[in-house]
Every structure is written in structure tokens, then in C-alpha cells.
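Visitor: Below: one structure in C-alpha cells.
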Amino acid sequence: MAVPEWLDSMAACTGAGAGAVNQLAGTPQSEGQDFSEMSPGSTPNDGAAATTRCRDMTDGARSMLEQCDGFFDAVVLAQMDAALAHEFATKDKSHAVAAGETVEQAVREGKSAESLAHLSGQVASAQAAARKSGEQAALATNVVRALGGVVGEEGFDPGVDEQLSGAALTDMIGSLEDLKNGLSAAQAHAQALFVAQQRLAQARAGVPKEKLGRGIAHQVALARHESPHRGRQLTELSEVLVREMPYSMQAFARGSISEYKAGLIAKETVFLSLSDRARVDQLICGDPDAVGLMGNRELSAAIQKAAYALDPEACVKRHEKAIGDRYVSLRPAADGMTYLTALIPLKQGVRILVTLTKIADSLKAAGDERGKGQVMADALMHRLIKHAPCDEGAGTISDHRGVPAGGFGSAGPESVAQAASSPAAGSSAIQAGGASADGWSAGASPAGAASQQLCTTVDEVNISLELVMTDRALFDGANDPAILVGYDPIPAPIARSMIGGGGGGGGGGGGGGPSPQVWLKRLFTHPDTNQLMSMDSQARLFPEGMKEFLRIQDQRCQTPYCDAPIREYDHIKSYAAGGVTSVDNGQGLCADCNKAKEAVGWSSKRKHVGGAEDADPENGNVPGTEITTPTGHRYVSTAPPLPGPVGRRRRRK
């Protein structure tokens, strides 16, 4: 097993790859040929040089690929698997021996027969686990032998883990990601040149102007082994990046952003004018290091916010137009399943999800053995399949609103909304919540209706839509974008219509009906940094109020690059280590990231961005979390900004 050579191959791979990509990315578009003086049939010298340079770069990339392809040694992987299997086998064997000794001790002490029987069962389980672990270790050793690896007296190479560096492997993964992105950028450059060359060739061949460009995207698709639809998307993306978004292209060529993120930038600015798109491009990608640290949803939200600041009217029109694009589709999935997808307005989508979640939580609390996802899926299918349309089913057993205690009757919709505002120091936030409830006409008992409902056993009242917006945007007509917690920013007019009950759902059932009631909950933010400072003392009781504060402040999982919804609230400094239960020591995480940080070698601490030990908004210091991984790599994350103008920018590191 030549592990040192393997590591040398890793270094050579990343080194050669860096050189190749630097060469690929180092060919600026401005050095292209001047086609204005080209005559039919002529090929300028710089064009031939470009072709030669392209071939050289391709050969360099192919050489890099060959080196990377040869660095991996299956024996090393098998050795580590064997070492892990033997480690488990040793521990399980020790546990079985200890369990046997416990039984012997209990016999000597004269324990009861019931205790001895219980201990004997534990011994049997431990011995069975030890046998299974031993078999798996033997199998892992046989795999090493089959691959021609060295097998020592213990059945594996005991020093395999000492010859590998987790930090080096992490660096390699990151370097290869940058290289991959750089190669994709070079591919985008090549696609832009290919489109220009093909359009010129078609024009010289006599193709009419209105038919110019046909078949070019298909060629790109074939070359990239993609469908024509995907080929068209990739071709259009390369055209936009190369011709209209130089800063994004630079970040792409450096490897700071992936092709997917470059596509996000292009997609979220497609409705802007050319000048506004260029300004957003510079604002978002002017610092390649900063944009490279953003997660996908964070990047999308930042672009939307910048675009809205430049042209709020265009953003509102885009949202209104998107309502007309709503649809439902069905596509096949594995094992006889299908994906039912609906593109619907945000307000209705959130209400549907919250309703299904409440149904699932209620049934699970009542002892339903189905999984939460199964209950939600079953409830959705039941409502769509078993119910007649509302107008036809009203007052019958098909009425999805259920049967009131006094018998059948007409049902009328009601809606409830919650909102919160704060006039704090010129900068404030408002939290608004909306609810949809099944209502009953006079003479019907809501309590009886809830108990007699045919379709669900959950009270669907008090569905909260946590909408955060400034008091200026709500009351004074300002254009500060609002945030629906856990989702992307939305224009202020759309947010006002959601609170006022005036729509926002366009054809999705959001219009009509009475306007909702509104409650105010004050959320205080700092006027310069928009850092969430405190919450109205009457909002919630501890600890639920603290959870709400963290959820609104963090919005999404606070692990860098993770955009998952917050599911758990965690002590940054663990409670066992003396950490206090406070807002400053708390953060919102998804369940998966919360479990990951409990693994060996992970640590977290409060790290205020700006250099100070304590948060100091006056000097631009905002609270952040520094995460240290087992390989020693450190990442700093801060919460995304809340609505309103900010005096200083902050970002995730």
C-alpha cells in the first residue's frame, strides 16, 4: 500500500489542475478576434492562435484529469474500512466480556432470578453483537486481501489512519471544487465563442436573419450529453454571463461560484434593464470571495433584495406575472410512485404546508403510527380525491368543512392574521401572521364543528405566517422589502396585500372575503445594522419567546451554506460545558446540522464579526458563530439582514 505516493499524487493533481484552470480562466474575452474586418473565407492569424491555445488548454485539462483519475487507491479505502470494522469488533467483544462478568458478580451477590434473567438477556445480546461485528471484520479483511493489500496480524494495516490527513483531504476537496467551477467557466467561454462562430457561419451561408441560431443549442446539448432543453438553458446562460455580467463571470472563472449559482444570478436579474443588471452584477459579485461564501438561498435573496432596491416596480410586476404561471404537473418516480408538483402563490403554499403539518402533528400526538410525511401525504390525497368542489359539496357529507354539531349548514370562510411592529430608533421590524380557519354560520358551534369534522382531527385556526417588515413599509408606503421567515424576500406591496387581505394570491383563493384582524408585536432592531435587539416583553413567555426571537433573527439554519428551515434551537456553548440559556448563546439549526456539531472534533463559539468580544452595533460588530470542524477548518456565520436600510454591510465568512 503506497499511501505516501497516493498523497503525492493528490498534490500533483491539485497543482496541475490549478495551473490548467489558471490557463483556462486567464484567457480574457477581450483578447478575442476582431471580426469586423474579416472577409469571407479568411482566417486571421490571431484566430489560428486562439484555436491552438484552445487545444493546448484542452490537452492540459485532459492531463489534469488523468492525474486525478490515478490518485485514488482502492486498497487505502479498504484498509480504513477494515480498521473501522476491527475497531467495532474489539469494542463489542469487550462489552460482551464485561456483560458476562456482571452476571457472574450478580450470581455471587445472590441477586433475584428476575434480575439474573434480565442480565442474561443483555449478555446474549452483547455476544450476538460481538459475533456479528467479528464476521464483518473478517469480511473487511478478505476485501483487503482480494485487492492485494497488506494484512497484518490484526487483520488490517494498523497505521493506515496515521498516513492520511483529514485536513489535506478537505483541502483537496475544496481545491477540486474550485477547479471544477473554473473548468465550467472555460466551458461557458467556449460556448459563447461557439454561438458567435456558428451564427456568423449561418449568416454567410445565406440563412435568413429570423432563422439565425437554429440548431446551435442542440449542438451544445449533444457535446455536453444533455437534453436539448438543458442545452438551450446552458447556451443562454453562457451568453448572458460572458456578454452582460463580467463580475459574475470573473467569480465563476476563479471557481468562487458554481455553474448553478451563476445560473441563479442570471435568473434573478432577467427582468431588469441591462444597466440595472450590470449594477446588481457588480454589487453581488464585485467581491468574489464574499459571493463564494453564500448559500444558494442566501445568494438568491441577496440578488432579489438588490434588484428590488433598483427597480421595485419591475419586481412587483414580476410577482404579479408569476401568478399567471401557476400549474400542476405529474412526473414518474421509482417503485410505482409519482411526483405531484404544484407551482402556486407563496401565501397559499405556506398555508397548505402549515395546515398539513398541524394535521400530522395532531394525529401523531394522538398515537398515529404513520410517519409525519405519510400523514401529510394522506391528508393531501384525501382532500383532493374525496371532496367535491366547495360550491357543489356545501352542506353535504362531501363538504370538506365537516359537519357542525347541530347538523349540516352553510359554512363561511374566516381568516385571522397576526402582525407585529416596532418604531425603534428609526429602524424597526414588523412580524405579521396570517391564519385560515374553517368557519360556521350562526347557530353552529365551532367547538362542536371541530369535534365532528370528517377529514381531520386538528383545529386549523391560528396558522401563523411570520412576515417581517418595517413600520415604514407597512404604514408609510415605503419600499423596504419584507421577509416571510424561512422564504425569500418579497416586495412591500405584496406584503401589504397579504396583511390587508387584498390578494397576493391572485387566482389562488387569496382575494375576497373580509380583511383580517391585525395585532402588533414590536421587534426592535438597531438603526444602523438592522441587528435584532429585543422583542416585546408581552410577545411570548420564556422559553418560547426566545425561540421565536432566534427564529426571526436567524431565519434559516445558521450553518454556513445550509439553507434548511430551523428545526431545533441549540446552545452555541453547550449547557453541559456551562453555557447559559440566553439569546446570545443560542442559534437556530436544522436537525441534521445540530446532530453533526455534536460529533467528535466539532466545536462552536460566539464570534462577533467586527473583532470585538461583545456585539457592538455602533461599531459594526454583529453576532456570529464560529464553527471549527475536526480537520481544523473554521467557518463564521452571521444571520441574514432584516428589512430596512443598513449603515454597514455584513456577510457570512
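Visitor: Starting at 0 and stepping by 5 Å, how many percent of the alpha carbon pairs of the range 227-372 end up in each bin?
Guide: 2, 8, 13, 14, 16, 14, 11, 9, 6, 4, 2, 0
Visitor: At a 1.4 Å probe radius, carbon and sulfur cover how many percent of the accessible area of the range 225-358?
Guide: Solvent-exposed carbon and sulfur of the range 225-358 make up 56 percent of the total.
Visitor: So what is the accessible area of the range 140-238 per residue, in Å², with the probe set to 1.4 Å?
Guide: 58
Visitor: In the structure shown, do any of LYS358/LYS386; LYS180/LYS261; LYS261/LYS595; LYS372/LYS547 have a Cα-Cα gap over 24 Å, and if so which?
Guide: Flagged as over cut-off: LYS261/LYS595.
Visitor: If you don't mind, there's one more thing I want to ask. Roughly how far apart, in whole Å, are the Cα centres of the range 556-589 and the range 313-354?
Guide: Cα centroid of the range 556-589 versus Cα centroid of the range 313-354: 32 Å apart.
Visitor: Round to a whole number: what % of the accessible area of the range 46-185 belongs to carbon and sulfur, probe 1.4 Å? Mind showing how you got there, number by number?
Guide: On the way: 4810 of 8560 Å².
Here carbon and sulfur together make up 56 percent of the probe-accessible area.
Visitor: Lysines near LYS91 by alpha-carbon distance under 17 Å, same-chain residues fewer than 8 away left out - which ones?
Guide: Straight-distance partners of LYS91: LYS132.
The values are calculated or read from the model by the stated rules, or taken from the named source; none is laboratory data. Every value quoted in this text rests on a predicted model; they were computed, and no experiment measured them. Side chains are part of the model used for accessible areas, which takes the heavy atoms of the whole protein and leaves out ligands, DNA and RNA. Shrake-Rupley method; radii C 1.70, N 1.55, O 1.52, S 1.80 Å.
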